[in-house]
1. Given the structure, is I136 surrounded by fewer than 18 Cβ atoms within 10 Å (Cβ to Cβ), of a type in the set (V, I, T), over 16 Å from the mean Cα position of the chain (by Cα) and at pLDDT below 90?
2. Please verify whether the range 13-20 includes one or more residues that are of a type in the set (V, I, T), more than 21 Å from E168 (Cα to Cα) and assigned to a loop (DSSP other than H, G, I, E, B).
3. Count, please, the residues in the range 80-98 that happen to be surrounded by 14 or more Cβ atoms within 10 Å (Cβ to Cβ) and within 20 Å of S60 (Cβ to Cβ).
4. For residues in the range 40-53 being touching a residue at least 24 places away in the same chain (Cβ under 8 Å) and surrounded by fewer than 17 Cβ atoms within 10 Å (Cβ to Cβ), which is farthest from C7 (Cα to Cα)?
5. Quick check on F101: is it out of contact with any Gly (no Cβ under 9 Å at 6 or more places or on another chain) and either surrounded by fewer than 13 Cβ atoms within 10 Å (Cβ to Cβ) or at pLDDT 95 or above (or both)?
6. Within the range 139-170, take every residue that is among the charged types (D, E, K, R) and at pLDDT 85 or above and give me the one that is nearest to L28 (Cα to Cα).
Amino acid sequence: MVRYYFCIHYLPEQIDTCLVSGRCISILHGFIAKRQCSGIGVSFPQWSNGSLGKSIAFVSNDKALLELLSEQPYFEMMKNDNVFSISTVNKVPCNSPEVRFKRNQNIAKCFVGEKKRRLKRAKKRAEARGEEFKPILNSAMREVELFHNVAVHSKSSNTTLMLHIQKEVNINKSSNDYGNYGLATNECFKGTVPDLFDL
């Protein structure tokens, strides 16, 4: 399978990589929703334990679709303001190892705010059924592997949500099955992207 990519590098020395990466993913989300297309994955070429890195890449086997995405007004504006440099659409090197960037929403369950929201919803459902609400408190510690957070905005629902993203390595089989944010998920989507770490 021949695949293509383009890469956006964040130029300022000091920049909130989570913020701009989230904005880039939001642009992809809107692009996919408007065109009702699929098959575009997100990669973070400079991912590390401490950061998402100062770049984001988009991968697809549809070169023309990537070219359209790279010309989105937000990307053009950021390029003109010397915030982004944007590569041309290039062929993925055939020897690139596969990785998976996965949206893991189970991580949200570890945060106090999410626990409160889930308890409130469970209480409301119990009351609607005419039952007494008896929450089961689980204080067990949950171990979570490294992740980075990205806030994205959805115009369709006019909401901002937090994506908890993890990187999986040593992937044997490639797939272009991504969710609407260009990421794999725990269950439904198993999309992979080439590891573009040296580009």
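1. For I136, the condition - surrounded by fewer than 18 Cβ atoms within 10 Å (Cβ to Cβ), of a type in the set (V, I, T), over 16 Å from the mean Cα position of the chain (by Cα) and at pLDDT below 90 - is met.
2. Yes, the conditions are met somewhere in the range 13-20.
3. Of the residues in that region, 8 qualify.
4. N49
5. No; evaluated as a whole, the condition is false for this residue.
6. Taking the candidates together, the pick is K167.
Residue-by-condition table, conditions (1) more than 18 Å from the chain's Cα centre (by Cα); (2) hydroxyl-bearing (S, T, Y); (3) over 21 Å from P12 (Cα atoms); (4) modelled with pLDDT of 95 or more:
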| residue | (1), (2), (3), (4) |
| --- | --- |
| S55 | no, yes, no, yes |
| S60 | no, yes, yes, yes |
| L68 | yes, no, yes, yes |
| E76 | yes, no, no, yes |
| N80 | yes, no, no, yes |
| F84 | yes, no, no, yes |
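The values are calculated or read from the model by the stated rules, or taken from the named source; none is laboratory data. Predicted, not measured: the structure shown is a model, and the values here were computed from it. Positions of Cβ are backbone-derived with ideal geometry, glycine not excepted, and every protein chain shown enters the neighbour counts.
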